[in-house]
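Rule-based calculations on the coordinates, nothing more; no lab input. Everything numeric in this text was worked out from a predicted model, so none of it was measured. Cβ sites come from the backbone with ideal geometry, for glycine too, and all protein chains shown count toward neighbours.
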Amino acid sequence: MSALLDLYVQHFKTSLAAMLQYRASLVIWLIGHVLEPLIYLVVWSVVSNTRGGRVGGYTTGEFAAYFIVLMLVNHITYTWIMYEYEYRIRHGSLSFDLLRPVHPIHSDIADNVSSKLISLPGMLLAAVLLALLFRPTFHVVLWAVVAAIPALFLAFLLRFLVEWTLALAAFWTTRVSAINQMYFVALLFLSGQVAPLSLLPSPIQAVATALPFRWMVSFPVELLLGRLTPAKAMAGLAAQAVWVVLGLGLVKIVWRAGVRAYSAVGG
Amino acid sequence: MKILRLLWVFFRIGVMGELAYRLNFVVQLFQSLLELATALAGLAVIFAYTDKLGSWRPDEVVALVGVYFLVGGVIGLVIQPSMERFIDSVRQGTLDYTLTKPEDAQLLVSIQGVEIWKLIDIALGFGVLVVALGRLGERVGAWQAAAFAGMLLAGGAIVYSFWLILATCSFWFVRVENILIIFQSMYEAGRWPVSLYPGWLRFGLTFLVPVAFATTVPAEALTGRLNPQVVLGTVGLAAVMLVVSRLFWRAGIRHYSGASA
């Protein structure tokens with residue numbers, strides 16, 4: 001266990017050093033990640049204002065709060081691992097990772113967390129600016145904020161496991177971009193990126209609840225906004241925990257099958 | 001005419017390069033259709049709660065989505081791949097070969113890469129536009145259609161000049177691909193009328209990154225929202241941008257010294 005901890009610490013250090021060399025790409029990345037929630041924030045504010053300041057249980061200020069918190073939760077849970085795996089498998093650099101005595105998912109998690117730590121100040125600054133510009137209404141519920149800590153942790157883990165498994169599709173096909181796009185479309189609607197889930201038609205809400213999407217992003221957002229009852233919060237945490245366990249199993253099976261399918265020549 | 005002939009040559013090269021990978025057509029068609037369906041589904045969610053977005057009726061926003069795909073397709077068909085190649089050729093020194101050719105180097109550089117599958121986006125955008133126009137009915141007259149064509153051309157010229165200016169920076173800086181990515185991510189904002197956005201963002205999307213001229217202005221022309229001043233202003237800006245980007249390109253070429261290819 002302490003060996004694994006050492007590994008993480010070392011990975012943090014190296015990837016921090018690497019990330020700091022590419023500050024410009026971090027800024028560009030930031031623009032992309034602020035822009036999407038910002039667009040939907042603006043669109044829903046316009047809708048809400050034309051409807052007298054309230055639509056589907058959200059006031060204009062609550063929409064602003066929703067999309068600002070969504071932006072931060074997305075930042076915490078987001079991964080780009082599918083692009084990495086496509087490259088690693090196509091170029092064969094995965095062979096080196098396979099030689100190491102530790103499961104490669106650990107270095108991926110460490111990379112993910114360290115790059116987010118670097119971009120976090122920029123993200124928080126963006127959130128503060130958006131808050132000044134759009135004047136969101138927050139209802140801070142203390143227990144919900146506390147409960148959001150494990151919810152965020154589980155959401156990060158769940159999304160990481162799901163997207164890591166998806167990235168392994170590159171073992172079997174080179175056309176991963178079509179697969180990724182399907183996943184992103186599902187994520188867009190089912191994890192509350194286009195609109196809060198309660199504004200979508202109820203069959204879609206049911207699908208979002210049955211699949212892991214809701215638990216990856218939308219659930220911690222609603223919890224932080226104080227929109228959930230304690231019972232719903234507990235049920236949500238339980239759903240997250242179940243999906244994380246299932247995700248771990250899935251990673252194990254798919255990884256084993258993928259490595260068996262993988263072959264590389266030279267290095 | 002020479003432009004069209006050269007473009008046709010590069011287009012044929014693009015076709016020959018891609019015909020070896022015919023399955024790509026199916027995959028690209030699928031991806032473009034999925035993207036379009038996503039955009040329309042997003043609109044469906046929003047128009048379930050309102051019958052007007054700002055001053056825009058649903059069919060007008062659908063027409064805007066059509067323009068978004070059409071213009072995005074043109075950018076992806078020739079502007080973006082050509083500029084990416086150009087930046088790469090400056091870094092690698094292979095721009096020398098282009099400069100020795102007996103045609104205008106700016107022209108060659110601007111059309112050297114053709115990503116033929118983007119024709120799918122252009123066709124889809126056109127289809128969406130036609131459907132939306134059919135539903136808008138007689139509100140679109142000859143004047144609107146002419147203004148639309150004019151604004152589309154002017155907007156295309158502005159976007160092209162903008163890309164050329166950014167790409168020309170590669171004569172001085174190495175990593176300009178990153179700046180181009182900014183345009184790509186900002187372009188997404190053009191799927192909505194820029195009049196929705198707050199003033200500072202509208203300014204940025206109009207003058208810093210000319211997304212508004214690429215999508216909103218043509219769509220406004222089509223839906224009869226433009227007054228003659230804006231039409232003239234857009235045409236004027238397009239002319240100025242073309243001249244400025246040309247002058248900047250010339251300055252860049254003078255600065256360029258091949259690192260030997």
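Peptide A:31-38 is shielded by partner chain Cβ atoms: per residue, an average of 3 of them sit within 10 Å of its Cβ.
Relative contact order for chain B: 26 percent, from Cα pairs under 8 Å spaced at least 6 residues apart, divided by residue count. Axis angle, to the nearest 10 degrees, between helix A:2-20 and the longest C-alpha principal axis of chain A: 70 degrees. Listed from fewest to most Cβ neighbours within 10 Å, the set B:S82, B:S257, A:S191, A:S25 follows the order B:S257, A:S25, B:S82, A:S191.
Helix content alone sets the calculated 222 nm mean residue ellipticity of chain A: runs of n ≥ 4 DSSP H residues at -39500 (n - 2.57) each, divided across all residues, give -25500 deg cm²/dmol. Straight-line reach from B:K101: taking Cα to Cα under 28 Å and skipping same-chain neighbours fewer than 8 places apart, the lysines in range are B:K2, B:K118. Near B:G72, once Lys and Arg are set to +1 and Asp and Glu to -1 for all other residues with Cβ below 13 Å from its Cβ, the sum equals -2.
Computed extension gain for B:S55 through B:A37, at 0.36 nm per residue and net of the alpha carbon distance, reaches 4.1 nm.
The distance from the alpha carbon centre of region B:232-252 to that of region B:47-126 is 18 Å, rounded to a whole number. Between region B:1-31 and region B:142-205, the alpha-carbon centres lie 24 Å apart. Site pair A:R54 and A:V27 shows an inter-label distance of 4.4 nm when each label is modelled 7 Å from Cα along Cα→Cβ. Taking 0.36 nm per residue of separation and subtracting the Cα-Cα distance, full extension of the segment from B:V230 to B:L4 would add 78.4 nm.
Shape class for the protein assembly as shown: oblate, because the ratio a/c of the largest to smallest gyration tensor axis (alpha-carbon atoms, square roots of eigenvalues) is 1.5 or more and b/c is at least a/b. The distance from the alpha carbon centre of region A:212-251 to that of region A:77-95 is 27 Å, rounded to a whole number. Taking label positions 7 Å along the Cα-Cβ direction at both A:L5 and A:L248, the computed distance is 1.9 nm, reported to one decimal. Packing-based ranking of B:223-233, B:71-81, A:213-223 yields A:213-223, B:71-81, B:223-233, ordered from highest to lowest mean Cβ neighbour count within 10 Å. Only helices enter the 222 nm calculation for chain B: every DSSP H run of n ≥ 4 contributes -39,500 (n - 2.57), and dividing by all residues gives -23000 deg cm²/dmol, rounded to 500.
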